[in-house]
Structures are given as C-alpha cells and as structure tokens.
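The values are calculated or read from the model by the stated rules, or taken from the named source; none is laboratory data. Small disclaimer: the values here were computed from a predicted structure and weren't measured. Cβ placement follows ideal geometry from the backbone for every residue including glycine, while neighbour counts extend to all protein chains displayed.
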Amino acid sequence: MLAAVYAYFGAHRVDGRGPHEIDRAIQRVIISLAVSLVTAWHEDDGGRLSALLAALPGLSLGYAVLALAYAWLIRRQPQAGVGAQYAFLVADPLLTVLALMAAPALLAPLNVFLMVQIVRCGIRYGVRTLWLAWGVSVLASAVLLPLSDFWVLAQPLTLSHIAMLLITPLLFAPLIASLHRSTLELRRAATSDPLTGLGNRRMLSEHLAAAQERSRRQGTALALILFDLDRFKAVNDRHGHAQGDALLLRVTQSLQRGLRTGDYLARIGGDEFVLLAEGLSPVEGPLQAQAMAAKIARLVKEAAREVCPDPAVTASVGVHCWLATDAPGLDESELLNRADQAMYRHKRAAREAQAGTAAGDPTSPNPTVTNPTATDPGPTGLT
C-alpha cells in the first residue's frame with residue numbers, strides 16, 4: 001500500500017535527493033526553532049486554541065529534533081528515509097497552519113509563507129506533491145480556522161487566506177507541470193542516446209553508483225558487461241549509415257527482449273554497449289555474468305544476421321564482476337576500464353581462434369570475465 005503511494009507521488013525519485021533533503025531538514029530546524037522561541041513568549045489570549053498555543057513551542061522544538069535526526073540519516077544513507085520524507089511533506093504544511101491558527105497575532109503576517117511552501121513542493125517534486133501539500137493545508141485550515149477567534153474576527157485576513165488557498169493550485173499547477181515536462185525533455189536529451197533510446201554514459205554513471213550502493217547493503221555482486229560489434233564499420237562502409245543505424249536498432253530491441261528485467265542497458269559509443277547486471281551471487285556471480293555475456297553474443301549475432309548477413313557482425317564481450325568486500329573503492333571509470341580490458345582480451349582470443357581455425361585447429365573463445373576473487377581460470381575462461 002505504502003509502496004503504491006510512494007510510486008504515485010514519486011518524490012523519492014528526484015535527482016539529487018540526498019543533498020536536497022539535508023538542506024530542507026536544516027531549514028526545518030531553523031524555522032521550527034524560531035517558531036518555538038517566538039511562541040514561547042507569546043501571552044495566552046484565552047481563545048479556544050489556547051491549548052494548542054501552549055503546546056506549540058514544545059511541538060516546534062520536537063519537530064526540529066526530528067528534522068535533525070532525518071538529516072543525519074540521509075547524510076549516512078542518501079537513499080534511506082523514504083517514509084520519513086513523505087511524513088515531512090505532509091507535516092510541513094500541517095504544522096505551518098497550526099502555527100498560523102494558534103498564534104495569529106504573531107504569525108498571521110507570514111501567511112504567504114504557506115503558499116511559498118506549497119509551490120516549492122510542486123517545483124521540487126511535481127504537481128502531485130503540490131496537490132498533496134495543498135490538500136493538507138486546506139483540511140487543516142478548514143478544521144482550525146473556525147476555532148480561532150482572531151481569524152473569525154479578522155475577516156479581510158481570513159478572506160485573503162482562503163483566496164490564497166484557492167488561487168495557488170490554479171495559478172501554479174499548470175506552470176509547474178510545464179516546467180517539469182521541459183525539464184524531463186532536457187534530461188532525456190542529456191542522458192539518452194537519440195538513436196536507440198538507451199541511456200548514455202552519464203546515465204550509466206548514475207545507475208552504476210546507485211547499483212553499487214544497493215550491492216553494499218544487500219551483500220550481492222554486480223557485473224559490468226561491455227561489448228562492441230565486430231565488423232560494424234564494414235557495414236557502414238558497404239551498405240551506408242542508414243543500414244548501420246537499422247542494425248543498431250535491431251540489436252537493441254533484441255537485447256531488451258532477451259535480457260533479464262531490471263538489468264540496465266546503455267550505449268556509450270558508436271557500437272559500444274554496456275549491460276549493468278545486479279543482484280548476482282557473491283560466489284556464483286562470475287559464472288552468472290559469463291552466461292549473460294554468452295547470451296549477449298548470441299543475440300547480437302542473430303539480430304545482426306537478420307538486418308545485414310554480410311559482413312557477419314558478431315560481438316566482443318568483456319565482463320568485470322564487482323563485490324563491495326573485495327574492491328570497495330572502485331568507481332565507474334575503473335570498473336569500465338576493467339571491463340574494457342576484458343573485452344580486448346576476448347578480441348585477441350577470437351583472432352587467435354580464427355587463426356587456429358585457418359591452421360586446422362578450430363576453437364571458440366568464451367567471453368572473458370574478470371573478478372577480483374578469481375584465482376583459477378579454469379575451462380570457462382575466468383581470469
């Protein structure tokens with residue numbers, strides 16, 4: 001149920017979530033402490049919300065402590081605290097309305113701050129989150145406003161508060177929706193390959209960083225499978241770039257259908273692709289990755305044959321398996337470099353096998369898999 005709610009709003013999937021949530025938490029601490037100090041010295045007016053006013057300093061102080069704890073959690077684990085993030089998204093406008101209604105003589109001039117808070121939610125997280133913050137604000141105002149003698153008597157101020165709540169989504173929701181559409185289009189252009197629609201190297205870097213974090217938490221291995229298309233240049237030279245593009249598209253479609261759901265495929269160069277495979281066994285990971293590499297080679301060969309039988313296009317595949325306990329400090333560049341080295345070893349092995357075939361010694365090289373813990377190459381080509 002909660003997972004469906006999180007998926008609907010999507011606030012936890014925004015770019016730069018960790019640093020932004022830390023900044024927001026610090027702002028919550030500062031604002032909550034200020035409200036706590038101001039309301040602590042406010043005299044009770046004997047109204048129907050006097051109990052709420054008396055509780056407001058302690059409530060604000062407690063909220064500041066929770067915000068500090070949340071910032072500490074996000075700093076340690078940037079992907080954690082999803083439930084707390086949504087709780088704060090609901091609590092922020094709720095507590096703002098509570099403060100406005102309980103201490104109006106002090107805080108009513110800051111009424112516009114509620115609108116800023118709602119709009120900011122929308123700009124950062126999307127239109128659905130704007131409506132969430134707006135809905136919480138409307139419900140809290142509808143319950144508390146009739147109970148406040150100040151707001152009941154100050155009709156112009158009350159009308160401005162109601163008008164602000166009505167106008168905010170009508171005015172800003174279309175603008176925010178347009179802003180997010182434009183941002184999404186720009187992001188797609190910056191992070192995807194225009195021909196195949198696959199992610200590019202920049203997007204691969206983001207996925208790889210997140211995958212490494214998941215592997216550390218779960219104790220699993222991941223594999224970076226890098227491959228390129230042998231004789232692809234000959235296809236362009238003989239048949240033209242349109243045929244080469246058609247071949248790349250066909251290979252991409254075949255790989256997307258034939259590989260595991262959840263694995264990430266990216267195109268990082270003209271005929272260079274990378275598959276990021278997660279959730280592999282720490283022990284059997286290299287063998288699992290080698291099976292994936294062999295399947296990639298087969299799928300590429302079959303797809304290329306359909307588009308362009310001559311020259312025969314094949315794949316050279318190199319794999320590097322990574323486990324956090326073996327090589328915790330390896331970054332994206334080093335992992336790609338190791339997979340690239342493995343791919344060129346496979347190319348050399350293929351050339352040697354081809355030369356052996358011409359000399360009457362037919363062999364078929366396996367894709368090369370590197371793994372920091374592997375010590376015995378064995379019959380399957382592990383190095």
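Here are some notes:
- Of the set (1) in a strand (DSSP E or B); (2) at pLDDT 75 or above; (3) among the aliphatic types (A, V, I, L, M), all apply to Ala342 but (1).
Here's the yes/no breakdown for (1) surrounded by fewer than 14 Cβ atoms within 10 Å (Cβ to Cβ); (2) modelled with pLDDT of 90 or more; (3) in contact with a Ser or Thr (Cβ under 7 Å, 6 or more places away or on another chain):
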| residue | (1), (2), (3) |
| --- | --- |
| Pro109 | yes, no, no |
| Val112 | yes, no, no |
| Trp131 | no, yes, no |
| Leu139 | yes, yes, no |
| Leu147 | no, no, no |
| Phe150 | no, no, no |
| Ala177 | no, yes, no |
| Ser182 | yes, yes, no |
| Leu186 | yes, no, no |
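- Some residue of the stretch 221-242 being part of a helix (DSSP H, G or I) and in contact with a strand residue (DSSP E or B) (Cβ under 7 Å, 6 or more places away or on another chain): no
- Taking the stretch 125-144 as the range and being on the phi < 0 side of the Ramachandran plot and either outside any helix (DSSP H, G or I) or of a type in the set (Phe, Trp, Tyr) (or both) as the test, the residues that pass are Tyr125, Trp131, Trp134.
- Of the residues making up the stretch 301-337, those that are in contact with a Pro (Cβ under 6 Å, 6 or more places away or on another chain), at pLDDT below 90 and among the hydrophobic types (A, V, I, L, M, F, W, C) are Leu323, Ala327.
- The residue list Val307, Val283 contains one member that is closer than 30 Å to Gly219 by Cβ and assigned by TED's automatic domain parsing to the domain that holds Arg216, which is Val283.
- Residues that are under 26 Å from the mean Cα position of the chain (by Cα) and surrounded by fewer than 22 Cβ atoms within 10 Å (Cβ to Cβ) within the stretch 91-102 comprise just one, Ala91.
- Looking only at the stretch 1-43, and only at residues there that are under 40 Å from the mean Cα position of the chain (by Cα) and charged (D, E, K, R), the one that is modelled with the lowest pLDDT: Asp15
- With respect to (1) at pLDDT 90 or above; (2) more than 30 Å from Val283 (Cβ to Cβ), the lone exception for Pro156 is condition (1).
- The numbered conditions (1) over 31 Å from the mean Cα position of the chain (by Cα); (2) at pLDDT 80 or above; (3) surrounded by fewer than 12 Cβ atoms within 10 Å (Cβ to Cβ) are all true for Gly46 except (2).
Residue-wise test of (1) surrounded by fewer than 16 Cβ atoms within 10 Å (Cβ to Cβ); (2) more than 23 Å from Leu145 (Cα to Cα); (3) in the same structural domain as Leu139 (by TED's automatic domain parsing); (4) touching a Phe, Trp or Tyr at 6+ places or on another chain (Cβ under 7 Å).
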| position | (1), (2), (3), (4) |
| --- | --- |
| Ala11 | no, yes, yes, yes |
| Gly16 | yes, yes, yes, no |
| Val38 | no, no, yes, no |
| Ala51 | yes, no, yes, no |
| Leu59 | no, no, yes, no |
| Gly62 | yes, yes, yes, no |
| Leu73 | no, yes, yes, no |
| Gly81 | no, yes, yes, yes |
| Ala84 | no, yes, yes, yes |
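- Entry remark, the stretch 298-309: residues being touching a residue at least 60 places away in the same chain (Cβ under 8 Å) and in a loop (DSSP other than H, G, I, E, B) number 1 in total.
- Checked against the criterion of being buried (at least 16 other Cβ atoms within 10 Å of the Cβ), touching a Leu at 6+ places or on another chain (Cβ under 8 Å) and outside any helix (DSSP H, G or I), the candidates Val319, Val251 yield just one match: Val319.
- Considering residues of the stretch 345-375 that are at pLDDT below 80 and under 17 Å from Leu275 (Cα atoms) only, the residue surrounded by the most Cβ atoms within 10 Å (Cβ to Cβ): Val369
- Scanning the stretch 263-308 for residues that are touching an Asp or Glu at 6+ places or on another chain (Cβ under 6 Å) and either among the basic types (Lys, Arg) or farther than 18 Å from Arg201 by Cα (or both) gives a single hit, Arg267.
- Ala105 vs. criteria surrounded by fewer than 16 Cβ atoms within 10 Å (Cβ to Cβ) and modelled with pLDDT under 90: yes
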